[in-house]
């Protein structure tokens, strides 16, 4: 994660995610990972049951962004990166292999 911020800011981000955000997402079978942080912008990606969930953007804006911006002044915004996750690609490849398609 190349950026100009100290590891203590990244540690604080992970701590807030662990304490305040991930438990809520885990109740829905999902989670969130930090993709990058720089220029005050934290980029995250959803995992598990939260991948491609219609309420993922709401969850990030209402749960993660509010908690992170309040606890860590360096975080100015939180951006959800979307797209097909490696986890989903691996699952699809496994299904295709099991059906003899790959």
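Key figures for this structure:
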| quantity | calculated |
| --- | --- |
| Test: residue 6 is at pLDDT below 90 and under 13 Å from the mean Cα position of the chain (by Cα) | no |
| Criterion: over 12 Å from the mean Cα position of the chain (by Cα), at pLDDT 85 or above and assigned to a loop (DSSP other than H, G, I, E, B) - qualifying residue of 70, 74 | 74 |
| Flag if residue 65 is touching a strand residue (DSSP E or B) at 6+ places or on another chain (Cβ under 8 Å), under 19 Å from residue 27 (Cβ atoms) and free of Cβ contacts under 8 Å to residues at least 24 places away in the same chain | yes |
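The values are calculated or read from the model by the stated rules, or taken from the named source; none is laboratory data. The structure displayed is predicted, hence computed values, not measured ones. Here Cβ is always computed from backbone atoms with ideal geometry, including for glycine, and neighbour counts include all displayed protein chains.
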